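The values are calculated or read from the model by the stated rules, or taken from the named source; none is laboratory data. Keep in mind that this is a model prediction, so the values were computed, not measured. When we count neighbours, we look across all protein chains shown, and the Cβ atoms used for this are built from the backbone with ideal geometry, even at glycine. Areas reflect the complete protein model, heavy atoms only, side chains present, ligands, DNA and RNA absent. Shrake-Rupley method; radii C 1.70, N 1.55, O 1.52, S 1.80 Å.
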Amino acid sequence: METKVKTCKSKSVLTRRQTEAAILLIKSTFEENLIKKLHLEKVSAPLAVKAGTGINDDLNGVEKPVSFSLKNAENIQCEVVQSLAKWKRLRLKELSIEPGNGILTNMQALRPDETLSLIHSIYVDQWDWEVNIDYKERNIELLKETVNKIYAAIKESEMIIYEEYPRIYPKLPDKIHFIHAEELRKRYPDKSPIERENAITKKHKAVFVIGIGYPLGDGEPHDGRAPDYDDWSSENDYGSKGLNGDILLWNPELEKTFEISSMGIRVDKTSLIRQLKLTGCEEWQRLYFHKQILNYRIPNSIGGGIGQSRLCMFLLKKAHIGEVQPGIWPDWMTKKYNNMGINLL
């Protein structure tokens, strides 16, 4: 069921031409800040990878990637990437990136199974980053420290937009609030996961939910996570499970929580074996990517993705992702939102 827009009666603060300039400003300044804060270097990214290697992202395990064969290259089977969560870790090794440093790339993906909505299209664009870390740094403190750096970069971009377009007033709090998914469940026991997110994010405006993927006290995970990139099953410093999470912001235009980033410390050999067993995917251990982890051939790391269109949509007070990203929309959707003063690209 499609999300309703509650505050879209007024037209966008910016014209289409101003929006294009503002998008460029956000992307350039945020990327620069992120590179400095996380000690990253920019690298190129693939649009597709070989099928059957385990390198492509399986997301929640149900989304089907776009696939094709290379007819002039032995009919090699390929898949358009769904994200670069695992590819980046291999790239750290290939480039001999030292601990404490990392890489950043512009990821472009197609997800044809996505349900089109105010915040979803079939095209996904995000900053994908990955940092090499020492094994001893696989802890919740490093996770929180990294989240704070990313949030600071978001805040700085918000102020730059305000300076350029004073009508777009800053709305983010000084600090992001941390909470574990189990604590969130206990706080709102009668609510669904998305209702819990709405409640906590409406209160604090910026929240990082820790531990997404492992079953909570009610037997259900807060949300689904693939078993082979984020470590969502290791016990953390606070006696709960998970070294990953999501950055959520309260979106006043949509009057709901708004996910900007999914990130986490990546699986090591122990957590990979455990998570593959928990999800019934033990046969994946024979795949190329998974063998690299099991044989200690790629570095420990922390990484994630930050939605480019999502961030632009949030900072520019847009009510639909189609206002900041050219997409393919049903005629009824284009007509509906044009009549509401929301022009889809």
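Give Lys93, Lys64, Lys88, Lys50 a once-over and let me know the one that is closer than 29 Å to Met313 by Cα, among the basic types (Lys, Arg) and surrounded by 13 or more Cβ atoms within 10 Å (Cβ to Cβ).
Lys88
Remark: pairs (first residue in the range 67-78, over 15 Å from Thr53 (Cβ atoms); second residue of a type in the set (Gly, Ala, Ser); Cβ separation under 8 Å; 6+ apart in sequence or on different chains) = Phe68/Ala48; Asn75/Ser69.
Residues that are touching a Gly at 6+ places or on another chain (Cβ under 9 Å), open to solvent by 10 Å² or more (accessible area, probe 1.4 Å), at pLDDT 95 or above and of a type outside the set (Lys, Arg) do occur in the range 119-131.
Could you tell me whether any residue of the range 201-212 is closer than 30 Å to Leu294 by Cβ, among the β-branched types (Val, Ile, Thr) and out of contact with any Lys or Arg (no Cβ under 7 Å at 6 or more places or on another chain)? Within the range 201-212 (the criterion being closer than 30 Å to Leu294 by Cβ, among the β-branched types (Val, Ile, Thr) and out of contact with any Lys or Arg (no Cβ under 7 Å at 6 or more places or on another chain)), the answer is yes, since at least one residue qualifies. The residue pairs whose first member lies in the range 150-161 and is more than 19 Å from Glu130 (Cβ to Cβ), whose second member is not in a helix (DSSP H, G or I), and whose beta carbons are closer than 6 Å, counting only pairs six or more residues apart or on different chains, are Lys155/Leu172; Glu158/Pro170; Glu158/Leu172; Ile161/Ile168. Within the set Ser309, Ser271, the sole residue that is hydroxyl-bearing (Ser, Thr, Tyr) and touching a strand residue (DSSP E or B) at 6+ places or on another chain (Cβ under 7 Å) turns out to be Ser309.
Of all residues in the range 286-316, those being part of a loop (DSSP other than H, G, I, E, B) and open to solvent by 10 Å² or more (accessible area, probe 1.4 Å) number 7. Which one of these does Asn75 not meet: (1) surrounded by fewer than 16 Cβ atoms within 10 Å (Cβ to Cβ); (2) modelled with pLDDT under 95; (3) within 27 Å of Tyr151 (Cα to Cα)? Unmet for Asn75, out of (1) surrounded by fewer than 16 Cβ atoms within 10 Å (Cβ to Cβ); (2) modelled with pLDDT under 95; (3) within 27 Å of Tyr151 (Cα to Cα): (3).
Residues that are within 20 Å of the chain's Cα centre (by Cα), touching a residue at least 60 places away in the same chain (Cβ under 8 Å) and crowded, with 24+ Cβ neighbours inside 10 Å do not occur anywhere in the range 327-336.
Is it true that some residue in the range 183-204 is within 30 Å of Leu287 (Cα to Cα) and not basic (Lys, Arg)?
Checking the range 183-204: not a single residue is within 30 Å of Leu287 (Cα to Cα) and not basic (Lys, Arg).
For the range 169-180, does any single residue satisfy the condition of being among the β-branched types (Val, Ile, Thr) and either under 20 Å from Leu104 (Cβ atoms) or free of Cβ contacts under 8 Å to residues at least 24 places away in the same chain (or both)? No, that holds for no residue.
For beta carbons closer than 9 Å, sequence separation of 6+ or different chains, a first residue in the range 90-109 that is more than 21 Å from Asp228 (Cβ to Cβ) and a second that is part of a strand (DSSP E or B) and of a type in the set (Ser, Thr, Tyr), the qualifying pairs are Gln108/Tyr123.
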